[in-house]
Amino acid sequence: MAHKKKLPLDPITVTIESLSHDGRGVSHVNGKVVFIDEALPGETLEFVYTDSRKDYAEGKVVNLISRSEHRVDPACPHFGSCGGCSFQHVDDAEQINFKEDLLRDQFRRIGKVEIPQIWEALTGPHWGYRSKARMGVKWVAKKNRVLVGFRERRNPFLAEIDSCKVMNPIVGEKLVALGEMIAGLTVKDKIPQIEVAIGDKECVLAFRVLEPPTDADKQRLREFAHQNQVSICLQPKGPDTIVPLDGEPEVIPSYALAEQGVKFNFRPAMFTQVNYQINQKMVTRALAALELTKDDRVLDLFCGLGNFTLPLATQAGQVVGVEGDLPLVKHARENAKLNNLDNVEFHVADLTKDLKDQPWSKQKFTKVLLDPSRAGASEVLHNLKHWRPERIVYVSCNPSTLARDAGILVNELGYKLVKAGVMDMFPQTAHVESIALFVK
C-alpha cells in the first residue's frame, strides 16, 4: 500500500488571486492551484498545507501580511472550526458581489450566455435567519458531553459549538441545553440527528432514535419541550415515522406568504426554504416577472409542497404543479384546500424521465416556473417545444446547473435571457440562490 506523501510543514507566502466557487482563496505554488480557507483576493499571507492532491492542494491561513478592505472579524467564536458557515470573514456587501460575479462567470463560461441585466439582489437578515436544519448529535464519552450542531469544516466529526448565530435563536442559542438534556437520557448514544423545523409560530424538533427511549427519557424530553416552548417528536425510522411524544398534541409547523395571502402547513422532514424573509421576496419577484393574468395557464415544475404553485394560483387562471415526491404532492393538495384554491392541480412525475404519456404534459402552458434541485432541469427542458410558454422563470440553488440550462434555453430553444440575479438565502455562506427570466 502506497504511503501518502508528507505535507510540507513550513509556512509559504502567497498573494490570493481570486475566489473559488465555494468561497476559498485561490493561489498557485509551483504551478499547482491551492485553495486556502478564509483568504480573500489581494491579500498577501502565509499558509500551511492541509492536503495535497495530484491536481490541486488545500491550505489554511497562519499569518495575514496584508488585509483585504472587505475582511471583517467573524461574529461567531466557532467560525473556522464549524463547517456551517464559510463567509463570516467577508463584509455583507462583498458577499453579494462575490455571488453576483460567480453567477455572471458561470453563465458566461458554462452556458455561453451573457446576463444582459442583473436583478438587484434580494437581501434580508444576516443572522438568526435559518428556520430549517438537520443537526448532528454525538455522545463523546471522553468529554462526558453530548455535542449538538454541525460538522467541522472539511471533517466528518461534529464541531464542538455552544451556539449557532445563523440559526433561529429559539434553537441556535439552546445547543448546550439540548446537549445537557440528551446527556441525561439512557439513549444518549442512540440519537444521531435532530431535524429542526421552525414555522412562523411553532418549533418542532424531531429526534432520530435508533432505540426506543424509556418512559423516564420521554418525561425528560417532555419537560425540556415545555420549558423551552418547542415540540419534540421521535423518529424511529424514515421521515414518515415522525410522531409526537406520548400524550403530546401533534404540532404542525406552518408559514405564511402575507403578500399573496396563502399559508402552508408542512411536516418536520419536508423540504421548505430555510429563510422565510427571502422566500417571501423570492415568490413576489417570480410572480411579478411572469406578468400573470387570469388568462394564463401556468406550469410549476419541481413544485414541492406548492411554495410557488399556490401564490401563482392567486393570480393566474389555472396552475399545474408537478413534483416527484408523493408525500410532498399530497401535502400540496391539502394546502390548496386549506387556502380554498380550486384552480390548481398537482401531479406526481419523475421529471428526469419521458413525460409525453402524462395527461397534464399534453396540454399547452403560457408561463412556466422551474425550481429544481441542485442537479438542475436539463432533462425536462425539451418538453418546452410542445408546451410553448412565452415566459419562463427559473429559480436555482446551483448557479452552474442554472448556467448550463440557460445555455440550452437560449442557444437551443430560442429563448432570450432578460435578466438574472442572486437571492441571499444563506448569508455567511458561499451558497448561491439565484433567479432568471427567459422570454420567447
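The values are calculated or read from the model by the stated rules, or taken from the named source; none is laboratory data. Predicted model, so just to flag it, every value in this text is computed and none were measured. Here the Cβ positions follow ideal geometry from the backbone for every residue, glycine too, while neighbour counts run over all protein chains shown. What goes into the accessible areas is simple: the full protein's heavy atoms, side chains included, and nothing from ligands, DNA or RNA. Shrake-Rupley method; radii C 1.70, N 1.55, O 1.52, S 1.80 Å.
Within region 27-118, what whole-number % of the accessible surface is contributed by carbon and sulfur, with the 1.4 Å probe and all protein chains included in the calculation? Let's see the in-between values first.
Values: 2090 of 4560 Å².
Carbon and sulfur: 46 percent of the exposed surface of region 27-118.
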Practice task
Would you list, by chain and number, the aspartates and glutamates whose Cα falls below 20 Å from the Cα of residue 362, excluding same-chain residues fewer than 8 positions away?
Solution key: 295, 296, 300, 323, 345, 350, 354, 379, 390
Problem - Sequence of 250, 379, 323 from largest to smallest accessible area, 1.4 Å probe - result: 250, 379, 323
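Between residue 200 and residue 350, what length comes free when the chain is fully extended (0.36 nm per residue of separation minus the Cα-Cα distance, one decimal in nm)? Mind showing how you got there, number by number?
On the way: separation 150, 0.36 × 150 = 54.00 nm, distance 3.12 nm.
Taking 0.36 nm per residue and subtracting the Cα distance, the gain is 50.9 nm.
Provide the percentage of antiparallel DSSP beta bridges, counting only those with both residues in the chain; round to the nearest 5. Each step should come with its number before you reach the end.
Values: 55 of 87 bridges.
The answer is about 65 percent antiparallel.
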Problem - Simple spin-label estimate for residue 46 and residue 109 in nanometres, 7 Å along Cα-Cβ - result: 3.1 nm
Completion exercise
Expressed in nanometres to one decimal, the distance between label points 7 Å along Cα→Cβ at residue 92 and residue 439 is 3.3 nm
Completion exercise
For region 275-328, the accessible surface attributable to carbon and sulfur atoms (probe 1.4 angstrom, ligands and nucleic acids excluded) amounts in percent to 54 percent
Completion exercise
Dividing the mean separation of Cα pairs under 8 Å (6+ apart) by the residue count of the chain yields a relative contact order in percent of 14 percent
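Mind checking region 1-92 for trypsin sites (Lys or Arg not before Pro) that DSSP puts in a loop (not H, G, I, E or B) and that have at most 12 other Cβ atoms within 10 Å?
Those that pass, being in a loop and sparsely packed, are 4, 5, 6, 53, 54, 67.
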Problem - 1.4 Å probe accessible area per residue over region 111-251, in Å² - result: 51 Å²
Problem - Virtual spin-label span in nm between residue 134 and residue 413, 7 Å along Cα→Cβ - result: 3.0 nm
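Report in % the part of the accessible area of region 354-415 that belongs to carbon and sulfur, leaving out ligands and nucleic acids; probe 1.4 Å.
Values: 1210 of 2540 Å².
Result for region 354-415: 48 percent of the exposed heavy-atom area is carbon or sulfur.
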Handout entry: Gain on full stretching of the segment that runs from residue 10 to residue 263 - 0.36 nm per residue minus C-alpha separation
Key = 85.3 nm
Problem - Highest-fluctuation residue, 183, 406, 375 considered, GNM on the chain with Cα pairs under 10 Å - result: 375
Exercise for the section: At a Cα cut-off below 19 Å, give the lysines reachable from residue 419, other chains included and same-chain residues fewer than 8 away excluded. Expected result: 99, 112, 281, 367, 440
Handout entry: the chain: calculated mean residue ellipticity at 222 nm from DSSP helix runs of at least 4, using -39500 (n - 2.57)
Key = -6000 deg cm²/dmol
Exercise for the section: Please calculate how many Å² of accessible area region 338-440 carries per residue, with a 1.4 Å probe and no DNA, RNA or ligand atoms counted. Expected result: 39 Å²
